[in-house]
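Read through the structure below, which is laid out as structure tokens, and then see the notes.
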Amino acid sequence: MRICSLLPGATEVVAALGLADNLVGVSHECDYPPAMRQKPVLVTPAIDAERSDSAEIDRQVRNTLAEGERLYALDERLFAQAQPDLVITQDLCQVCAVTLGQLEQAIQQLPKQPRLLTLNPGSLTDVIHDVERIGAATGQADKGAAFAASLRSRLQAIRERASAGKTRPKVVCLEWLDPLYLGGHWVPEMVDWAGGKDMLGTAGVPSTRVTWDQVRTAQPEVLIIMACGFSVERTLRELEAQPPPNRWPGWQDLPAVRQHRVYAVDAAAYFSRPGPRLVDGVAILASLLHPELFPDREQPTPAQARRWTQPA
């Protein structure tokens with residue numbers, strides 16, 4: 001079976017099911033496992049997010065959509081050369097990937113029509129169920145079911161361990177810095193599994209815009225900065241370029257700031273993408289929320305999460 005996966009989380013699942021060699025095309029974001037970077041890239045973004053800050057990215061996205069332009073281009077020549085039997089995509093967020101309409105139009109041009117598997121997860125439950133759906137679609141139903149069961153088992157183990165904490169810390173998760181957005185969909189659920197209480201987000205609801213006054217009023221004891229698609233280093237660069245005390249009044253009064261519990265995390269790997277590594281994200285959150293329950297060897301690496309402190 002020849003598979004094109006245009007969704008990073010789905011690419012991870014396909015590889016985990018032992019079908020990495022069957023992947024004949026991926027998106028520009030499919031970078032895990034690392035070998036996926038050698039696959040033909042079928043999608044390119046219209047916006048260079050690496051060289052722009054949050055405000056500029058937001059401006060470019062809004063302008064592009066307002067002008068009726070596409071945020072991503074599908075290389076139809078490479079897509080045709082791939083001759084896929086199965087194409088996996090998403091219909092969750094038009095800002096994150098090629099639109100379903102673009103893809104369906106390109107499929108119509110192929111001499112042989114592949115099967116199209118469209119994922120639209122809004123929760124951890126959906127994400128894990130999609131592992132089973134991908135397994136069934138690729139002829140690996142048993143492996144998909146076993147992989148999904150292992151993810152559910154691990155989630156339960158994390159919850160049981162985190163529940164031993166004396167309290168459930170008040171948490172705010174920021175998915176974007178300018179303008180401010182809350183972590184949505186599965187993020188509040190992840191906080192709950194990790195033994196925290198998301199003060200502003202609602203499980204299953206898309207990411208929503210929020211004011212700084214709302215964040216300040218919530219008085220988070222832990223503040224997680226998980227800028228969508230950003231690594232820890234990318235997030236820290238933006239924080240250091242315009243430190244929070246300079247952009248958000250009352251920053252120093254937040255309990256999370258006073259207690260030195262502000263963290264930048266690798267959102268691209270563990271929080272933004274609907275895939276199996278969201279379970280790793282829950283483990284990262286649990287260790288940040290309840291460090292007393294997790295020994296040093298189980299604490300996140302600097303590439304996964306890092307405490308942010310104001311430069312002297």
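Observations, loosely collected:
- Shape category assigned to the chain from the gyration tensor of Cα positions, a/c cut at 1.5: oblate
- Environment charge at Pro33 (Cβ cut-off 14 Å; Lys +1, Arg +1, Asp -1, Glu -1): -1
- Amide H contacts of Tyr72: Ala46, each under 5 Å away and 5 or more positions distant or on a separate chain (H built 1.01 Å from N in the peptide plane; Pro and chain starts excluded).
- The range 258-308-the range 142-171 distance, computed between alpha-carbon centres (Å): 14
- Cβ-based net charge around Gln105, under 15 Å, with every Lys or Arg adding one and every Asp or Glu removing one: -2
- Reachable aspartates and glutamates from Lys197, criterion Cα separation under 17 angstrom, eight or more residues apart if same chain: Glu160, Glu175, Glu189, Glu221
- With the highest mean first, a sort of the peptides 196-208, 216-228, 144-156, 269-281 on other beta-carbon atoms found within 10 angstrom per residue produces 269-281, 216-228, 196-208, 144-156.
- Helical content of the chain, expressed as a calculated mean residue ellipticity at 222 nm, amounts to -11000 deg cm²/dmol (DSSP H runs of 4 or more residues, -39,500 (n - 2.57) each, divided by residue number, nearest 500).
- Residue among Gly139, Gly18, Gly68 with the largest mean-square fluctuation in a Gaussian network model of the chain, springs linking Cα atoms under 10 Å: Gly68
Read-outs throughout are calculated quantities, based only on the coordinates presented, and are distinct from any laboratory measurement. No experiment lies behind these values; they were computed from the predicted model shown. Here the Cβ is made from the backbone with ideal geometry for all residues, glycine too, and neighbour counts use every protein chain on show.
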